[in-house]
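Asks: If you scroll down you'll find the structure; I have some questions about it.
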Amino acid sequence: MELLLIFVAAVLTNNFVLHYFLGICPFLGVSSRMETAVGMGLAVIFVMTLTATVTWLIYHHILVRFGLPFLEYVTFILVIASLVQIVEMFLRRFSPELYRALGIYLPLITTNCSILGLALFMVLREYDFIEGLVFGIGAGIGFTLVLTIMAGIREELAFADLPRAFRGAPITLITAGILALAFMGFSGLIRV
Amino acid sequence: MRSFRGGVHPPYNKVTQDRPIERVRPPERVVVPLSQHTGAPCEPSVEKGQEVQRGQKLGEAKAFISAPVHTPISGVVKEIAPHPHPVLGEALAVVVEGGGEMEDWPRGEVDPDSLEPEEIRMRVREAGVVGLGGAAFPTAVKLSPPEDKPIDTVILNGCECEPYLTADHRTMLERAEDCILGLRLVMRAVGAERGMIGVEANKPDAMEALRHASDGEVEVVPLKVKYPQGAEKMLIKAVLDREVPTGGLPMDVGVVVQNVGTAVAVAEAVRDGKPLIERVVTVAGEVGRPGNYLVPIGTPFSYLLEVAGGLQEGASQVVMGGPMMGIAQRSLEVPVVKGTSGVLALRALPYEEGNCIRCARCVDHCPMELMPTLFVKFAKGERWDLLERAHIMDCIECGSCAYVCPARIPIVHYIKLGKLKVRSLK
Amino acid sequence: MEGRLVVAVSPHIRAEMDTRKVMMGVLISLVPGIVAGVWFFRWHALVLLASCLAGTLSAEASACILRKKPSTLGDLSAAVTGVLLAMVLPPTLPFWAAFLGGVVAVGVGKQVFGGLGQNIFNPALVGRAFLMAAFPVLMTTWVAPGPEAVTVATPLALMKFDHKATPLLDLLVGKVGGCMGETSALALLIGGLFLVLKGYADWRIPLSYLGTVAVLGAIPWAFRPDLYPSPMFHLLAGGLMLGAWFMATDPVTTPVTKVGRYMFGIGAGVLVVVIRLWGGLPEGVMYSILLMNAVTPLIDRYTVPVPFGGKR
Amino acid sequence: MNPILVSVLSMGLLALAFAAILAVVNRKLAVQEDPRVEAVLEALPGANCGACGSASCRDMAERIVKGDAEPGACPVGGTESARRIAEILGLGEVEVVEKVAVVHCGATSEQKVKVAEYRGVKTCSAANLLGGEYACRYGCLGYGDCVRACGFGAIYMADGRPKVDVERCTGCGKCVQACPRGIITLEPYDRKRGETIFVACNNPDRAPAVRRVCEVGCIGCRMCARTSDNGAFYMDGNLAKVDYGKVYESGNWDEVVEKCPRKIIRMERAA
Amino acid sequence: MERREEVSRRPWYQEYLKGLWEENPIFRMLLGMCPTLAVTTSALNGLSMGLATTFVLTSTSLVVSIIRKLVPGQVRIATFTVIIATFVTVADLFLKAKFPAISKALGPYVPLIVVNCFILGRQEVFASKNPTGRSILDALGVGSGFIFALTLLGSIRELLGSGEVFGHEVIPGWHPWVVMILPAGAFLTLGFLVAAMNAIERTK
């Protein structure tokens, strides 16, 4: 039950994008087209799951054991950077299409705050290994969910006669704001 | 009652349905375009200054999908030059000057069961018969289905679902026997066993006349009064509950559809050897004497409108065909062609396009079950690739979507534009 | 005949119904609900209506001026938004808050997206969600119907927090606390039926929405009738009637495909029941519709019908 | 244990471990990519405008390197980028003649004969389906599709016909595609004099037909062809044409322009 | 491919000023959104975040511009990141020690400076290609732009959310808009601010 709570919280009530503002840059960047949004979402779910497990192991078995928690930022970012690079090489090799579509955003997963945020929150909330894993998957799915919804909306808005000043980022932010208002309906569904 | 999904119920305004067909005295000058049909234009077979007799060939069909044209009057060829055309804008035409009274074509005798299919096809082709419903597809081609597409049923289209038009209605009423003869000739030509006539339920008198003339050998099917009941695919769906596959033709489901007027033309061509030199045209709307007129092909609209009492105050638009699918004309010098089912003088609608409110009335009423709202969106956004994926090429341009659109969006205009782009990008 | 001929693409005749008439139809069908609201909440209701309308109309007018476009007040869509917003607000909400809600509804909910037909979310609900988040206390202060403003709890809150059921007849007539236009289920039902029968709105969404709520609401009730409300209560209480007939049928923000409309109704129904029974809030109609608005582009994308003659 | 030593050690070891993994993965999954693509991409303007017909500048760079496209195929980059690309690919000097858009209809809305009232979507491509409101079937429809298509603000409408700002025009050809009547073409531009010369009519009909529809259409009088000293003007049926291979060498084109009875041999000069 | 040394040729004061408007990380480049949205619940929080970020940015630019010729191209991103992470740790420990209240308010968003895209972006675009002096000016300029944006956003949200700015009452008797403190308020305010900046840019 505890695991379910963590999962639902990560997906809906405390969504990374709409509640913690994590991963806004790629959210603004890749949500304009459905295919790239889904690709990016899947990449993020994958990287998040991987990050959750690897950082948990390193944090608890190396940093804590040797009394070096102050090194967490440096370590985490190192781990994430390497992981992303591996994913990037994989994509480049096995799906050049997706690689080209995601383009510059793959390196940006490194600087995607949601990944580092995930590792930090995991440590902060003292999740055990399984909880951390579920949290990672949930956060990834939550990110992908919002990203896909946003991509659907933005593909629609591409045909709308938006006021000039609002085209691009502003309307995306405002839509995200309204989406955040709507997601408030889930509040209290799970009390974290 | 049998029907199809979608469609609309425009006011029918069939004020001319009780006016008998009236023969129009030929004008002194007719303009006969060499391209009056779907397919390749025919090539002129006369020269400038040559004398021609009524019914003589003016143009020869060289291609398979084509039809010859004939002169409706005796006289002299004045000129072979580009002229305004009601469908194409401008096309090569033969101008004949002459005149005189129009007489009945001498009647022949024929036993439909004695003729070989090839003989029927040849006579139909020589007479230049094309579909008189509007698209003007050469009839002889329709009568030559490929071996691998067996035809079991011929349907005569007597729906006439376009508002105002009554030409087919009057033809069924006054020429019921020729309709039946034409149907039997078509059935024999394509080897079909079953003949049916689909008529909208608002023409009980025509149905009665046809039933009487047929002695029960063909089935007269009453259909729900709904536009576009007369669209080929809708008609087949309603009459036989068969669905023509997308991009396909009626023969893919074993059916040949002919307009009732075409059936009469086929009967006249085979029995009397009469070429297609005149047709019934409904002239209605804001004119002095609305009615159904038997008009020589090549008669300018201006002449015909004068015969029908002239344009009335308020008429600002002249449409060839019905109000749902007809073509608005730029000039009254265009001639009546084989596909001219009606000439309507209308009060033009204002142009007041608003924003789409996604009410989906167009989606609900589309007889082809397409998404016209997407067509407009993609055409405006110039996403021709998405347009094609939204099956824009399946659209029959019946106009139901634009008719019901509360935002007054000229949806058919966007569709025509989109189709053009999609085709040009291929 | 004088002058040049008019050329235009077919069809050359058009149906009577235009956007303005559609909006007018919505306004007319809202009349029973408004009358009930004014009957129960007197001048509170009138002030609320006036403030909301002032907010939506002024926002619409300013947007047109800012964008240098002809005024769109005539299409009545801003008026519909204003009336709908007023109906989902507590009767005693201060006039300035109602005005702000109207401005946000049209300004943020509609005009930044390009105006009529292009917004993703129902404008009235955007206005309400904003007010709900901005002034949670004001937005959850309710009064009992009648001349004296006595503070009461809504039937849904009573049910959720105290497990006390309100008599169904009161819910039907509307003698309960709640939003200005939501209390009388009967009045709304009459208006809604008019709306659907006259063809101003599609019947699929209300049907599937209400049906889903009734069916899903019945399941827990069948096991623990002491703890969970009956399906009838679910249908009549809160904003469901207004939401299902008037908000979820807003064509702009709901799917255009028939299958999509069923999906919209079912999705919204599921969300309402989940939020009412397990969420932190007593009512979830607004959120359910807003959330389904958000996924409407996705629904439309994946429910494109097979064309005539296509492979089914 | 000394915390500093431990941190250095553990960070170092971690870094080593990851570096090793990366190195291995890099070796295993290496993708061969032509370094010239990168270089060509740098030489392109990077506007991703799509004028060349490729999806993006990167796509274009790949096509150029593969040999599917010419080094000068980027219409926006012009001579400079073509030269750099040719250098990168080792092709040597490539001649690129700069072109700008010219409009082959010079009639104002008053000079064109109106025959109908058009009620429909206000774009040229839509109006062209019905023939628009003017009698001439070859001339400008006047709804400015070319103006909307231009990404550089180089076309504007004046008196119901488009005019080209030769300074801003990059010769990308978007307007050529946008015009449903094909009255815009790209033609060489005389840098030295800063002007273009062109025939502002596209109607191939004979004189009487042209006179019926337009006050300034080409009537095929051959005056320009007879006057020109080097044959830079010639007749294509009933329509005058310019031979751009010769015209800027011509000595008397002022005279040709002057003598045209319909005044449709026009020049567009840089402001 | 060899990385070219592309030294900027602007006048020195331009190196600072460009960060305020043309290359403003928030309004023009839309980078570093996470802290922008998360911590701007009040003007003070925005300002503190801006200062902390500017500290990290400037220190990193300093180091990177010094060692720019020593770092091989392939590992440059990793190197930059490690340098950034180091300074972030410093800033975090400093805040925790000296300003515990602010540190608590900013929460996990201080460590998240590590992944603030525009810090890395400045290294990639500028510090790794320019001499130390210019790089510091550039960093200070962009940092100031960031502080300006965050403080503005924080002020607006605080004003509407409580009627105060920097804790001082500005509008007496203001009925607080709770939504401005919530995520939704952050998105909406930033959206309208960026739109306003677009409109201003267009009229120039």
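Asks: Name the one entry in B:GLU47, B:GLU79, B:GLU101 that is surrounded by fewer than 18 Cβ atoms within 10 Å (Cβ to Cβ), more than 21 Å from the chain's Cα centre (by Cα) and assigned to a strand (DSSP E or B).
Replies: None of the other options fit; the residue is B:GLU79.
Asks: Here is a follow-up. Is there any pair with a first residue in the stretch B:403-420 that is facing chain C (nearest Cβ under 8 Å) and farther than 14 Å from B:LEU349 by Cβ and a second that is small (Gly, Ala, Ser) and in a helix (DSSP H, G or I) whose Cβ atoms are under 9 Å apart and which are 6 or more apart or on different chains, and what are they?
Replies: Hits for this filter: B:LYS416/D:ALA126.
Asks: Condition first: outside the structural domain of B:THR139 (by TED's automatic domain parsing), without any contact (Cβ under 8 Å) to a residue 12 or more places away in the chain and either surrounded by fewer than 24 Cβ atoms within 10 Å (Cβ to Cβ) or not acidic (Asp, Glu) (or both). Can you find one or more residues in the stretch B:348-355 that meet it?
Replies: So far as the stretch B:348-355 goes, yes, one or more of its residues are outside the structural domain of B:THR139 (by TED's automatic domain parsing), without any contact (Cβ under 8 Å) to a residue 12 or more places away in the chain and either surrounded by fewer than 24 Cβ atoms within 10 Å (Cβ to Cβ) or not acidic (Asp, Glu) (or both).
Asks: Same structure again: Of the residues C:PRO123, C:PRO91, C:PRO145, which is crowded, with 22+ Cβ neighbours inside 10 Å, over 25 Å from C:LEU66 (Cβ atoms) and within 17 Å of the chain's Cα centre (by Cα)?
Replies: Exactly one residue qualifies, and that residue is C:PRO91.
Asks: Report yes if some residue within the stretch C:231-241 is within 14 Å of chain A (Cβ to nearest Cβ), at negative phi and in a loop (DSSP other than H, G, I, E, B); otherwise report no.
Replies: Checked against the condition, which is being within 14 Å of chain A (Cβ to nearest Cβ), at negative phi and in a loop (DSSP other than H, G, I, E, B), the stretch C:231-241 yields at least one hit.
Asks: What's the number of the only condition in (1) at pLDDT 95 or above; (2) under 23 Å from C:VAL274 (Cα atoms); (3) among the aliphatic types (A, V, I, L, M) that C:VAL83 fails to meet?
Replies: (2)
Asks: For the stretch B:169-271, list the strands (runs of 3 or more DSSP E) that sit wholly inside it and hold at least 1 residues that are over 27 Å from B:ASN292 (Cα atoms); which are they?
Replies: B:194-200, B:255-259
Asks: Which residues, counting only those in the stretch C:152-193, are in contact with a Gly (Cβ under 8 Å, 6 or more places away or on another chain) and not in a loop (DSSP other than H, G, I, E, B)?
Replies: Selection gives C:VAL152, C:PRO155, C:LEU156, C:ALA185, C:LEU186, C:ALA187, C:LEU188, C:GLY191.
Asks: Another one. Would you tally the residues in the stretch C:187-204 being open to solvent by 80 Å² or more (accessible area, probe 1.4 Å) and within 11 Å of C:ALA244 (Cα to Cα)?
Replies: Going through the stretch C:187-204 one residue at a time, the tally reaches 1.
Asks: Just checking, does the stretch B:164-175 include any residue being on the phi > 0 side of the Ramachandran plot and at pLDDT 95 or above?
Replies: For the stretch B:164-175, residues on the phi > 0 side of the Ramachandran plot and at pLDDT 95 or above: present.
Asks: Take the conditions more than 22 Å from the chain's Cα centre (by Cα), polar (S, T, N, Q) and within 14 Å of chain B (Cβ to nearest Cβ) and apply them to C:SER71. Does it pass?
Replies: Spelling it out, C:SER71 is indeed more than 22 Å from the chain's Cα centre (by Cα), polar (S, T, N, Q) and within 14 Å of chain B (Cβ to nearest Cβ).
Asks: Under the condition of being more than 7 Å from every other protein chain (Cβ to nearest Cβ) and part of a helix (DSSP H, G or I), which residue from the stretch C:102-120 is most open to solvent (accessible area, probe 1.4 Å)?
Replies: This residue is C:VAL103.
Asks: Please determine whether any residue of the stretch C:37-53 is polar (S, T, N, Q), under 30 Å from C:VAL176 (Cβ atoms) and either more than 13 Å from chain B (Cβ to nearest Cβ) or open to solvent by 60 Å² or more (accessible area, probe 1.4 Å) (or both).
Replies: yes
Asks: Among residues belonging to the stretch A:42-65 that are within 16 Å of the chain's Cα centre (by Cα), open to solvent by 40 Å² or more (accessible area, probe 1.4 Å) and closer than 19 Å to D:ILE21 by Cα, point out the one that is farthest from the other protein chains (Cβ to nearest Cβ).
Replies: Across the stretch A:42-65, the extreme among qualifying residues is A:PHE46.
Asks: Select from the stretch A:148-192 the residues that are polar (S, T, N, Q), more than 8 Å from chain C (Cβ to nearest Cβ) and part of a loop (DSSP other than H, G, I, E, B) and list them in ascending order.
Replies: None; the set is empty.
Asks: Filter the stretch C:4-19 down to residues that are more than 7 Å from every other protein chain (Cβ to nearest Cβ) and either touching a Ser or Thr at 6+ places or on another chain (Cβ under 9 Å) or of a type in the set (Ser, Thr, Tyr) (or both), then give me how many there are.
Replies: Going through the stretch C:4-19 one residue at a time, the tally reaches 0.
Asks: If C:PHE130 satisfies all but one of (1) farther than 27 Å from A:LEU179 by Cβ; (2) surrounded by 18 or more Cβ atoms within 10 Å (Cβ to Cβ), what's the number of the condition it fails?
Replies: Failing condition for C:PHE130: (1).
Asks: Please verify whether the stretch E:113-129 includes one or more residues that are out of contact with any Phe, Trp or Tyr (no Cβ under 7 Å at 6 or more places or on another chain), modelled with pLDDT of 90 or more and within 14 Å of chain A (Cβ to nearest Cβ).
Replies: no
Asks: Can you say whether D:ILE197 is at pLDDT 85 or above and outside any loop (DSSP other than H, G, I, E, B), as far as the supplied structure shows?
Replies: Yes; evaluated as a whole, the condition is true for this residue.
Asks: Just need a number here: residues in the stretch D:130-161 that are more than 14 Å from chain C (Cβ to nearest Cβ) and closer than 17 Å to D:ASN202 by Cα.
Replies: 8
Asks: Let me ask another. Identify the single condition in (1) hydrophobic (A, V, I, L, M, F, W, C); (2) free of Cβ contacts under 8 Å to residues at least 40 places away in the same chain; (3) crowded, with 22+ Cβ neighbours inside 10 Å that C:MET286 does not satisfy, given that it satisfies every other one.
Replies: (2)
Residue-by-condition table, conditions (1) crowded, with 24+ Cβ neighbours inside 10 Å; (2) farther than 19 Å from A:PHE21 by Cβ; (3) modelled with pLDDT under 85; (4) touching a Ser or Thr at 6+ places or on another chain (Cβ under 7 Å):
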site	(1), (2), (3), (4)
E:LYS69	no, yes, yes, no
E:GLN74	no, yes, yes, no
E:ALA78	no, yes, yes, no
E:VAL82	no, yes, yes, no
E:LYS98	no, yes, no, no
E:PRO108	no, no, yes, no
E:LEU140	no, yes, no, yes
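Asks: Go through the stretch D:194-223 and give me each residue that's touching a residue at least 60 places away in the same chain (Cβ under 8 Å) and surrounded by fewer than 18 Cβ atoms within 10 Å (Cβ to Cβ).
Replies: D:GLY194, D:GLU195, D:PRO204, D:ARG212, D:GLU215
Asks: Sticking with this structure for a sec: State which residue pairs qualify: first residue part of a helix (DSSP H, G or I) and inside the stretch D:155-177, second residue among the β-branched types (Val, Ile, Thr) in any location, beta carbons under 6 Å apart, and separation of 6 or more residues or different chains.
Replies: Final answer for the pair search is D:CYS175/D:ILE155; D:CYS175/D:ILE184; D:VAL176/D:ILE184.
Asks: Could you please let me know if C:ILE65 is over 26 Å from D:ALA127 (Cα atoms), open to solvent by 60 Å² or more (accessible area, probe 1.4 Å) and either part of a helix (DSSP H, G or I) or within 12 Å of chain B (Cβ to nearest Cβ) (or both)?
Replies: Against the criterion (over 26 Å from D:ALA127 (Cα atoms), open to solvent by 60 Å² or more (accessible area, probe 1.4 Å) and either part of a helix (DSSP H, G or I) or within 12 Å of chain B (Cβ to nearest Cβ) (or both)), C:ILE65 qualifies.
Asks: So how many residues does the stretch B:18-37 have that are under 30 Å from B:PRO222 (Cβ atoms) and open to solvent by less than 60 Å² (accessible area, probe 1.4 Å)?
Replies: 1
Asks: Here is a follow-up. On the given criteria, is B:GLU90 free of Cβ contacts under 8 Å to residues at least 24 places away in the same chain, open to solvent by 20 Å² or more (accessible area, probe 1.4 Å) and under 27 Å from B:GLY342 (Cα atoms)?
Replies: Considered against the rule, which asks whether it is free of Cβ contacts under 8 Å to residues at least 24 places away in the same chain, open to solvent by 20 Å² or more (accessible area, probe 1.4 Å) and under 27 Å from B:GLY342 (Cα atoms), B:GLU90 comes out as yes.
Asks: Let me ask something additional. Being more than 28 Å from C:ASP300 (Cβ to Cβ) and not small (Gly, Ala, Ser) is true for just one of A:THR36, A:THR49. Which residue is that?
Replies: A:THR49 is the lone residue from the list that is more than 28 Å from C:ASP300 (Cβ to Cβ) and not small (Gly, Ala, Ser).
The values are calculated or read from the model by the stated rules, or taken from the named source; none is laboratory data. Please read these numbers as outputs of a predicted model, since none were measured by experiment. Heads up, the Cβs are rebuilt from the backbone with ideal geometry, glycines too, and the neighbour counts pull from every protein chain shown. SASA here: full protein model, heavy atoms, side chains in, ligands and nucleic acids out. Shrake-Rupley method; radii C 1.70, N 1.55, O 1.52, S 1.80 Å.
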